[in-house]
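Down below is the structure, laid out as structure tokens.
The values are calculated or read from the model by the stated rules, or taken from the named source; none is laboratory data. Given the structure is predicted, the values throughout are model-derived calculations rather than measurements. Note that each Cβ is placed from the backbone with ideal geometry, even for glycine, and that neighbours are counted across all protein chains shown. Surface accessibility is based on the protein's heavy atoms, side chains included, excluding ligands, DNA and RNA. Shrake-Rupley method; radii C 1.70, N 1.55, O 1.52, S 1.80 Å.
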Amino acid sequence: MSSSKLLDQVRTTARLRHLSLRTEKAYVQHIKRFILFHGKKHPREMAEDHIRNYLSHLAVDRNVSASTQNVALAALLFLYRDVLKQKLERIEEVERARTRRRMPVVFTKTEVNTILNNLTGIPYLAAALMYGSGLRLMECLRLRVKDLDFSYNQIMVRSGKGDKDRVTPMPAKLKEPLRKQLLRVKLLHQQDLQEGFGAVELPHALARKLPGAQRDWAWQYLFPADKRSRDPRSGIERRYHLHESALQKAVIAAMRKTTTAKRGTCHSLRHSFATHLLEDGQDIRTIQELLGHKDVRTTMIYTHVLNRGGRGVRSPLDV
């Protein structure tokens, strides 16, 4: 089997496992680099030592982060276990890189308001949702029209991290801007339909189960892209959601306009959401559910960044 056919098999298996396109691309790239690193030798001719040598190369020669090294290991495990159906005898000896636990960047409420005031239009609305509802960047961009519930003032997050659904509050301040955004989405969708398009990508096998749903306004993205593009898997021309880089650039530019020396990202708005809820007296379990954390210990990190000094300890100088 040639490397190109092998990579095609990797893509097919990834789609059968319902892996995201982003994960599929990352796995294919790491598998390709693994093969090239070992002189284009076929993976069937290699084993645990070859995996270990490649991971050492990434850590020592390429100086990649621990998370990148772990993604590479996950890609190779996927290759051998799911694609080649080849059992690795000593795979437990291949250790995962230890990721460092870093304190999140959290903005004060005043700083968040300043950042949001430096944004307009779609970037403002999306950033305000990430802060006001505790959404991850891609969770925000992948919202569909039907995920907004104005009656119960809540937002349904579908297939979040870990492929889990959850409910999070809809900020009352954003209800009117969201309604206006829905009108813009509807007009754009009607234009696409008139031009012979208007079908949106549906998760998993819903396109077969609900053949008419892909043209339904309820399934359209809340933040659609300005232009249509071709699906890299099917080749069908569709309108996808806004690309994450556009929002990232706008938010980072807004952060740089503030007087604070903190340098955060879009994810810092989600961190600020959790920390400010703790400051306002919300219990940690509720915040865990709103954030979609599997383990409450992940949520506990926000107790260490409350606006009470280091670990909430009062400095002896202030006594």
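Within the chain, the longest run free of chymotrypsin sites (Phe, Trp or Tyr not before Pro) that sit in a DSSP loop with at most 13 other Cβ atoms within 10 Å is 153-319. Simple point charges give the picture: +1 on the Cβ of Lys and Arg, -1 on the Cβ of Asp and Glu, and for the chain a dipole about the Cα centre of about 400 debye. So what is the orientation-averaged projected area of the stretch 102-197, using the convex hull of its C-alpha atoms, in nm²? For the Cα atoms of the stretch 102-197, the hull's average projected area reads 8.0 nm².
Note on the stretch 1-156: percent of Cα-Cα distances in each 5 Å bin, starting at 0 and stopping at the bin with the largest distance, equals 2, 7, 14, 14, 13, 11, 9, 10, 9, 7, 4, 1, 0. Mean separation of Cα pairs under 8 Å and 6 or more residues apart, divided by the residue count, gives the chain a relative contact order of 17 percent. Checking every one of the trypsin sites (Lys or Arg not before Pro) in the stretch 163-192 against DSSP loop status and a limit of 14 other Cβ atoms within 10 Å picks out LYS164. Take the Cβ atoms of ASN70 and ILE236, set R0 to 35 Å, and the FRET efficiency comes out at 0.55. Per residue, the chain exposes an accessible area of 58 Å² to a 1.4 Å probe, with every protein chain left in place.
For the stretch 28-94 and the stretch 151-186, what is the separation of their C-alpha centers, rounded to whole Å? Each part reduced to its Cα centre gives a spacing of 40 Å. A simple spin-label model places pseudo-atoms 7 Å from Cα toward Cβ; at THR286 and LEU77 they are separated by 3.7 nm.
Summing charges over neighbours of VAL157, with a neighbour being any other residue whose Cβ is under 10 Å away from its Cβ, gives +3 when K and R count +1 and D and E count -1.
Scanning the chain for GluC sites (Glu not before Pro) lying in DSSP loops with no more than 11 further Cβ atoms inside 10 Å, the longest uninterrupted stretch between such sites is 196-319. Here the Karplus curve 6.51 cos²θ - 1.76 cosθ + 1.60, taken at θ = phi - 60°, turns the phi angles of the stretch 208-217 into couplings of 7, 6, 10, x, x, 5, 5, 9, 6, 4 Hz, with x standing for Gly and Pro. Using equal-weight Cα scatterers in the Debye expression, the normalised intensity of the stretch 176-239 in log10 at q = 0.23 Å⁻¹ is -1.02. Net charge near ARG230, counting Lys/Arg +1 and Asp/Glu -1 over other residues with Cβ under 14 Å of its Cβ? Net charge around ARG230: +2. Placing +1 on each Lys and Arg Cβ and -1 on each Asp and Glu Cβ, with no other charges, gives the stretch 191-258 a dipole about its Cα centre of roughly 220 debye. Label-to-label distance for ARG62 and ARG263 is 2.4 nm, based on points extended 7 Å past Cα in the beta-carbon direction.
Residue pairs exceeding 20 angstrom between C-alpha atoms, taken from LYS41/LYS85; LYS164/LYS227; LYS180/LYS257; LYS146/LYS186; LYS85/LYS161; LYS25/LYS249: LYS164/LYS227; LYS180/LYS257; LYS85/LYS161; LYS25/LYS249. Sorted largest first, the spans of the alpha carbon positions of the chain along the three principal axes are 68, 61, 34 Å. Please give the residues of the stretch 47-70, grouped as numeric ranges, whose backbone N is less than 15 Å from a label point set 7 Å along the Cα-to-Cβ vector of ILE301. The answer is 66-68. For the pair THR110 and SER151, label points projected 7 Å from Cα toward Cβ lie 4.3 nm apart.
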